[in-house]
Each structure stands twice: as structure tokens, then as C-alpha cells.
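To start, the structure under review is shown below, and the notes come after it.
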Amino acid sequence: MADRSPTSRLVDMLAGRPPGPRSLGAQVQRARTYPPVHPKGWYQVARVADLDRGEVVPVRLLGEEVALFRTASGAIHALDGYCPHMGTHLASGGTVEGECLQCPFHGWTFDGQGAVRDVPYQDLTPRICARTWPVCVAYGLVFLWHGPVDDDGRPPYTPDFWPELDTDRFVLRGRYAPRDIGMHLSEFAENAVDVAHFPKLHGRMHIPWTRWHVPGMSVFHVADWKVDEQHPFLSHFLNDATLGFRGKELPQTGAHADATFVGPASVVMFRLTVRDLGDVMIAQTHTPLEAPGDPLRLRVRFTWWSERRMSRFFTHYIVGNWVSQWWQDVGIWENKVRLEKPKVVGGDGPVNKLRAWYGQFYEGVESP
Ligand code: FES
Ligand SMILES: [Fe+2]
């Protein structure tokens, strides 16, 4: 996941997208106002298509180095990036041997559970384990779990709630990799209940994928947020959006959004239903990198599907509308702080209720 190309930067500039946080110094100061950047949850680190059988790649997550590898049988495992023997980076020259990963320095071999399977220069295999990360593959994406696990090493849930995406009904239509964003992922969740910013920030229609307004066109929102009744670690942001022209609503233009926050909004799945045309699904994932000197650096990835009967072009149009609105928020998120006691007034949404719900994602995880 390399830095942006000059072409991507030019596209961002032409589309009017915000250039990024004002300074790294401000980022460090802003970070102090937030809780740690690593609540417990599932984090996307790769796409399955990026990882061939027999390949190992380095990924960065929450300030940690991880060696992600795919075995000969196709299984995907994640080990701590640094070999427990003498600290060599396992993804820098390491090789996949069958179902195991071999360190490039002394040739120790580790299986997917981190156990040492072979030391080439002695018969005795030490009972040493490399640290592992639970992996889940869903929708062609690879997720790692950060947080407590049960006695069998299993996380409390997996993020694969939408099996229909792996059926014939839906077709993968595209993906989008914006530049890294300087924000804490809790802001994304908080934004959903902050209904008072909708008219000001999201009340105008944009040319899809850009921040340029369409003259005369407005967007009206009716939004709600609720915790999932079956799974308390899920919540739903519901929004009915209607277009307007010169301030008058055009009721026949309505679209309904149900965005499910999986855990701390590290994974968010949007279901956008357009009347008579079908559903578009967007997986928006947030992965804090916790880069040195850049504590709020967040990697955001969009992947989307639509029902087979909906055209690729129209899907792209719908997703582009959402991405335009998302960039509107980015311009705010990248320069704001978190107030411990915001001065919430009657017309604001349930910000404190959201914060109370969000607190569960810090239970049982270590602080740095
Ligand atoms: S450092 Fe990895 S085998 Fe020695
Ligand atoms: Fe917003």
C-alpha cells in the first residue's frame, strides 16, 4: 500500500479535496485529546487478490509490523513481523514453505499458529511461538483482529455479516484508495449521530467524486442511529436522503442508507437502496497505522458491489456521491480535536450516548 502517485495528487487537487492536516506538530497535539487509536476490532490490511499463494507481505497495523502470508493451500496467516529468535523481519526475505513461513536469517520455520516447526541446525525444536493475529477473509478482503480472544484463540465475532456479497446476486464493481487521512476513527462513528452538521456540511449536492457543487441542487436528510438489538457491538446509521431543486424537495429521488458499524467503525458496511433499481453495498474500512510521529494516520479503503441488474455506471455515480460527502467531513476531521465535555445543546444528536456505546471497544485492550 504505497504512497500516492503524482497523478492521484493531481486528481485530488482538481476534485477540490482537502490537502491534509495542517502540520505534523498539530497532529501530535490533536492526538493527545483522543483515546488510544487502537480500540478492539477487525481491521482490513489487504485484499486477497494482492496475495498470491506462496507470498509473504509486510503490513503495518496499530504501530505493529505484521508478516502476512498465504500458504500453498491458500490459507492466510498473520505473524508478528519480527522473528522471536533474533528479531529479523519475516516479510523481508522470508519465504513460504508449504504451509509455513521460513525466516531468512537462520531458517527457522513457523506454522500459521506461530509454532516453530523446524530449526535447520538442530534436532530439538524449541517450544517458542511467534505472536499471531487472528485472520478473517470475507468479501475478498483480509481482516486482522486486535483485542482479547477466548481460550482457543478465537475473537468474540467475525466481520462476515453479509454473505450475499459472495453470491451471484452481487457483482464487485470497484474500489477506491484515497490518501491516508489524519483522524481518529471514533470521529467517523460520532459523525453519524451529529445530525446538526448535516444541513451545513451535507446539504448540497456535489458532482460525484468531487467537492464541486451542482448549482441549485440540495440534499435533505432524515437520519437515525441505533444499537443493533442482537449484537451490541454493531450499530446502525440510517439515513433517508432526498434531492431538492432550489429548496424544493423532489420526493421521487429518494435513496435509503443503512450503514452498519462493525465494532469501533473499523469496518462500516453501507447498504444504499435506490428505489426500483436495487442495492449498492460499500465496505468502508478504517485502519489506524499509528505511524511514528504521525499518530492519527488512518488508512481508509472503499470497496463496492451492486446488484447484477444495476449498471456499473450508475453504481459508480451512487458511490461517488457518498465519497464526495465523505471528503466534506475529512476537511473537518483532519483539523479538529476531541472535547472531553462538548457543549451539546438540544438540537444536537446523541453524541454522549454514542460515546458511552463506543467505550466498550476499549474494554480489555491494553493501552500503550
Ligand atoms: S532471526 Fe529468525 S531464525 Fe534467527
Ligand atoms: Fe458528516
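Of everything in segment 152-196, what is within 15 Å of Y139 (Cβ to Cβ) and assigned to a loop (DSSP other than H, G, I, E, B)? Give them in sequence order.
Correct list: T158, P159, D160, F161, W162, T167, D168, R169.
Listed here are the residues, each with its yes/no results for (1) in contact with a Pro (Cβ under 8 Å, 6 or more places away or on another chain); (2) more than 29 Å from W333 (Cβ to Cβ); (3) away from ligand 1 (no atom under 16 Å from the Cβ).
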| site | (1), (2), (3) |
| --- | --- |
| A26 | no, no, yes |
| A49 | no, yes, yes |
| V59 | no, no, yes |
| L62 | yes, no, yes |
| G74 | no, yes, yes |
| H77 | no, yes, yes |
| M86 | no, yes, no |
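Determine whether segment 24-45 contains at least one residue that is outside the structural domain of G320 (by TED's automatic domain parsing), over 21 Å from E187 (Cβ atoms) and of a type in the set (K, R).
Scanning segment 24-45, I find no residue that is outside the structural domain of G320 (by TED's automatic domain parsing), over 21 Å from E187 (Cβ atoms) and of a type in the set (K, R), so the answer is no.
Listed here are the residues, each with its yes/no results for (1) hydrophobic (A, V, I, L, M, F, W, C); (2) within 16 Å of ligand 2 (Cβ to nearest atom); (3) open to solvent by 60 Å² or more (accessible area, probe 1.4 Å); (4) under 22 Å from E366 (Cα atoms).
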site	(1), (2), (3), (4)
L90	yes, no, no, no
G94	no, no, no, no
G107	no, no, no, no
D111	no, no, no, no
R117	no, no, yes, no
Q122	no, no, yes, no
V137	yes, no, yes, no
R154	no, no, yes, yes
T158	no, no, no, yes
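Restricting to segment 94-140, count the residues that are within 30 Å of M269 (Cβ to Cβ) and hydrophobic (A, V, I, L, M, F, W, C). Walk me through it before giving the result.
Pass one, segment 94-140, residues within 30 Å of M269 (Cβ to Cβ): 112-113, 131-140.
Right, trim to hydrophobic (A, V, I, L, M, F, W, C) and you get 133, 135-138.
Going through segment 94-140 one residue at a time, the tally reaches 5.
With respect to the numbered conditions (1) open to solvent by less than 40 Å² (accessible area, probe 1.4 Å); (2) within 16 Å of ligand 2 (Cβ to nearest atom), which one is the sole condition not fulfilled by N335?
Of (1) open to solvent by less than 40 Å² (accessible area, probe 1.4 Å); (2) within 16 Å of ligand 2 (Cβ to nearest atom), only one is false for N335: (1).
What about N321, is it among the polar types (S, T, N, Q), closer than 14 Å to S186 by Cα and at pLDDT below 95?
no
For the list (1) within 19 Å of Q27 (Cα to Cα); (2) in contact with a helix residue (DSSP H, G or I) (Cβ under 6 Å, 6 or more places away or on another chain); (3) of a type in the set (G, A, S), I need the number of the one condition that G331 fails.
All conditions are met except number (2).
Considering segment 124-135 alone, what residues qualify as being more than 28 Å from the chain's Cα centre (by Cα) and open to solvent by 40 Å² or more (accessible area, probe 1.4 Å)?
Passing the criteria: L124, T125, R127, I128, C129.
Out of curiosity, is P215 under 24 Å from K200 (Cβ atoms), out of contact with any Ser or Thr (no Cβ under 7 Å at 6 or more places or on another chain) and free of Cβ contacts under 8 Å to residues at least 12 places away in the same chain?
Spelling it out, P215 is indeed under 24 Å from K200 (Cβ atoms), out of contact with any Ser or Thr (no Cβ under 7 Å at 6 or more places or on another chain) and free of Cβ contacts under 8 Å to residues at least 12 places away in the same chain.
Looking at segment 200-223 only, could you name the residues that are modelled with pLDDT of 90 or more and either within 10 Å of ligand 2 (Cβ to nearest atom) or part of a helix (DSSP H, G or I) (or both)?
K200, L201, H202
The values are calculated or read from the model by the stated rules, or taken from the named source; none is laboratory data. Predicted model only: the values in this text are computed from it and were never measured. Backbone-built Cβ (ideal geometry, glycine too); neighbour counts: all protein chains shown. These accessible areas exclude ligands, DNA and RNA; they are computed on the full protein's heavy atoms, side chains included. Shrake-Rupley method; radii C 1.70, N 1.55, O 1.52, S 1.80 Å.
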